[in-house]
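Asks: First, the structure itself, so that you have it in front of you.
The values are calculated or read from the model by the stated rules, or taken from the named source; none is laboratory data. Just so it is clear, the model here is predicted, and its values are computed rather than measured. Cβ placement follows ideal geometry from the backbone for every residue including glycine, while neighbour counts extend to all protein chains displayed.
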Amino acid sequence: MTNPLEITDLVYKKNQKKIITDLNLTLKPGKIVALLGENGAGKTTLMRIISGVAKNYRGSVKVAGFTKEADRKGHLSFTDGLTGFANSTKINDIVKFYQILYHDFNLKQFEQLRDFMNLKPDLRLSELSKGMKEKLVIALTFSRRVDLYLLDEPFSGIDAMARKKIIKSIILWKQEKSTILISDHFVNEITAVLDEVVIIKNKTVCMQKSTEAIRADNQSVEEFYESFYQREEEE
Amino acid sequence: MAEFSRLFNRLFKIKTKKLHVLLFFQIIAAFACAFFTYYEVINWHIHKNPQNNVGIIPEWALYFVILAFFVIFFVYFITPLQSEKFNRSQTWRLAAISDGQFYLDNVLSTFVSFIYFIVLEFVTVMILLFLSFLTDKSVINFFRDLLKSIQRNLNINVFWIILGTIVLAILSCFFLYFVISFFNFASRAILDFVPANINGAAVKVLHIFIIFGLIWFLFKIQNIFVNQVLLSVIHPSNYGLNFSSSLPFAILATAICDLILLGSNIFLINHFYEATEHK
Amino acid sequence: MEFKDNIPIYLQIKQYLYRQIITGKLKPGKKIPSVRELAVQLTVNVNTVQRALQQMNFEGILYTKRGEGNFVTEDTTLLEKTKRELINAELDKFVHSMNSLGVSDEQILKSLSEYLKEEHSDD
């Protein structure tokens with residue numbers, strides 16, 4: 001079985017500044033993985049490169065074995081801020097857009113997710129709070145059937161209760177073989193659902209480890225993650 | 001290919017939505033103009049304007065045609081600017097299609113929606129004229145004379161000139177689209193290479209400078225390319241031909257410029273021009 | 001159910017299921033919830049639940065019927081043994097912490113019986 005994601009020797013520069021250097025990362029099928037790093041570490045950029053919307057990088061990026069950007073986009077689902085829509089757009093119209101643009105979009109699944117998250121279909125984008133919008137984005141992202149899901153800080157505007165609900169929905173709706181990469185700058189609430197953590201520091205992946213292996217060393221995932229950034233402060 | 005046409009349909013629908021509203025307002029505005037030419041309002045009472053000797057419906061049609069020139073001109077320039085929004089949007093660029101094909105979809109849907117708008121305008125004029133026929137005899141005579149004079153002057157030469165002009169108009173239309181995209185893509189791509197240590201306002205100023213630089217560059221290139229390269233290679237007299245007009249040459253030159261610009265735009269969007277990161 | 005984040009979660013899931021079985025919430029011979037149901041209910045990773053159930057299958061406290069799911073064993077001696085192990089583990093913890101407070105084994109026994117007498121006379 002091909003891996004949902006394989007990145008080798010990735011380098012990305014913007015405005016003559018290196019944002020990602022010599023990054024290698026492989027994700028196996030069926031995993032839930034956290035992409036951790038402080039703000040500005042390059043998590044969003046990495047996801048944009050994987051999705052083919054950030055350009056002019058060096059190195060190879062394979063999604064489900066595909067290198068061409070069009071194929072990659074067809075095999076991954078990336079949380080998008082829905083900025084391409086006018087504020088007056090109704091949820092239903094956004095759904096239509098997704099149905100047309102993505103042949104793997106499953107309307108039934110979306111409706112279940114939408115009900116699960118208590119979103120009314122005739123609401124307009126401007127009527128949604130930040131948390132509701134993030135729920136909508138997640139519902140849309142998970143209504144596609146793909147090998148790789150990229151969630152870019154999906155919980156930032158969401159209170160603890162809703163966060164738990166979203167995490168439950170992820171467990172409930174995740175297909176067995178698909179892999180989910182969730183970026184965040186802190187980790188505590190989602191650790192129980194993670195298979196692995198990938199830590200980004202100094203513009204590259206500095207650690208990839210299974211959460212159960214971390215716990216087997218009597219360390220919590222949060223402590224493990226923080227230890228990487230504390231070491232830097234001490235230096 | 002299925003993705004290509006689905007995306008095209010979606011873009012076309014979104015782009016024509018506003019055009020319908022515009023047409024509606026144009027019809028209303030033309031009627032308002034006709035109404036106030038035909039009638040006078042004196043002391044809150046409506047009187048028929050004694051100086052006016054045409055009916056209100058022909059008047060309406062006339063104002064509609066006058067407005068149409070402005071409105072079509074406006075749409076011609078505004079729609080390609082608006083379609084750049086789609087090129088920049090991450091939401092759209094995530095569609096499972098290559099960026100080059102996405103760009104083609106975007107340009108084609110802009111063009112087709114523009115043609116669609118012109119057709120709508122034409123149909124509206126026809127409907128208004130038909131209504132004029134029903135109400136006003138003098139209009140019928142006017143058009144009978146017009147048709148006769150057209151028939152008299154119609155020969156094969158005129159036909160070719162009309163056809164050539166239409167082709168040139170279409171090519172020029174694409175030329176405008178491609179030039180706008182080229183300035184957008186190239187300036188952004190250059191901006192991404194500029195060292196990072198300048199702040200927001202300076203970036204905007206720099207962006208404008210880059211665009212001006214590009215305009216100057218394109219102007220120079222076009223001068224050299226068209227006047228020296230193209231003219232010397234494909235000038236009609238080189239082949240012992242002598243056209244009565246420079247139309248075929250203009251078509252060929254525009255087509256070549258279009259192709260070069262299209263090629264560079266597709267290259268830029270595939271390899272350099274990024275969707276915006278704004279969340 | 002809250003999990004401690006510095007102990008492997010599959011072990012904690014096992015502990016949780018043992019308790020459910022011993023307290024009778026999951027009855028011998030009865031089907032336990034599916035892997036996904038358990039994962040959602042406990043808000044943990046499906047793979048982790050899978051690993052816990054695999055081990056419990058291996059230990060014999062659960063058995064799998066193909067295509068139907070996991071069932072609690074009806075082997076009473078095994079259930080008894082599991083219960084004893086769980087009790088021993090709790091006692092272990094208790095004695096350990098008493099010892100670390102400097103209480104000797106005899107004192108533990110004495111304190112415990114006095115404590116139980118007092119507590120139960122209150123009822």
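Asks: Residue A:55 - would you say it is of a type outside the set (Phe, Trp, Tyr), within 13 Å of chain B (Cβ to nearest Cβ) and out of contact with any Leu (no Cβ under 7 Å at 6 or more places or on another chain)?
Replies: When the stated conditions are applied, residue A:55 passes them.
Asks: Could you please let me know if residue C:53 is under 30 Å from residue A:33 (Cα atoms) and hydrophobic (A, V, I, L, M, F, W, C)?
Replies: Yes.
Asks: Taking residue C:71, is it at pLDDT 85 or above, not acidic (Asp, Glu) and not in a helix (DSSP H, G or I)?
Replies: Here the answer is yes, as residue C:71 does meet what is asked.
Asks: Within region B:1-27, how many residues are surrounded by fewer than 17 Cβ atoms within 10 Å (Cβ to Cβ) and more than 23 Å from the chain's Cα centre (by Cα)?
Replies: 2
Asks: Right, something else. Identify all residues within region C:74-123 that are assigned to a loop (DSSP other than H, G, I, E, B) and surrounded by 10 or more Cβ atoms within 10 Å (Cβ to Cβ); write none if there are none.
Replies: Within region C:74-123, C:74, C:75, C:103, C:104 qualify.
Asks: So, of the residues in region A:183-226 that are within 12 Å of another protein chain (Cβ to nearest Cβ) and in a loop (DSSP other than H, G, I, E, B), which turns out to be surrounded by the most Cβ atoms within 10 Å (Cβ to Cβ)?
Replies: Result: A:194.
So that you can scan it fast, the table gives a plain yes or no per residue for (1) within 13 Å of chain A (Cβ to nearest Cβ); (2) touching a residue at least 60 places away in the same chain (Cβ under 8 Å); (3) surrounded by 15 or more Cβ atoms within 10 Å (Cβ to Cβ):
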position: C:13; (1), (2), (3): yes, no, yes
position: C:17; (1), (2), (3): no, no, yes
position: C:35; (1), (2), (3): yes, no, yes
position: C:51; (1), (2), (3): yes, no, yes
position: C:58; (1), (2), (3): no, no, no
position: C:62; (1), (2), (3): no, no, yes
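Asks: Take the conditions outside the structural domain of residue B:20 (by TED's automatic domain parsing) and among the polar types (S, T, N, Q) and apply them to residue B:184. Does it pass?
Replies: yes
Asks: Which is within 12 Å of chain B (Cβ to nearest Cβ) and in contact (Cβ under 8 Å) with a residue 40 or more places away in the chain, of A:1, A:47?
Replies: A:47
Asks: Something else now. Would you point out the residue of region A:123-177, among those that are within 14 Å of chain C (Cβ to nearest Cβ) and in contact with a Gly (Cβ under 8 Å, 6 or more places away or on another chain), that is surrounded by the most Cβ atoms within 10 Å (Cβ to Cβ)?
Replies: Checked region A:123-177; the qualifying residue surrounded by the most Cβ atoms within 10 Å (Cβ to Cβ) is A:162.
Asks: Please tell me if residue A:62 is within 30 Å of residue A:124 (Cα to Cα), more than 10 Å from chain B (Cβ to nearest Cβ) and of a type outside the set (Asp, Glu).
Replies: Taking the combined requirement at face value, the residue does not satisfy it.
Asks: Another question, then. Six or more apart or on different chains, Cβ under 9 Å: which pairs go from a residue in region A:24-39 that's free of Cβ contacts under 8 Å to residues at least 40 places away in the same chain and under 20 Å from residue A:62 (Cβ atoms) to one that's of a type in the set (Val, Ile, Thr) and surrounded by fewer than 17 Cβ atoms within 10 Å (Cβ to Cβ)? Could you list them?
Replies: Within 9 Å, the pairs are A:26/A:8.
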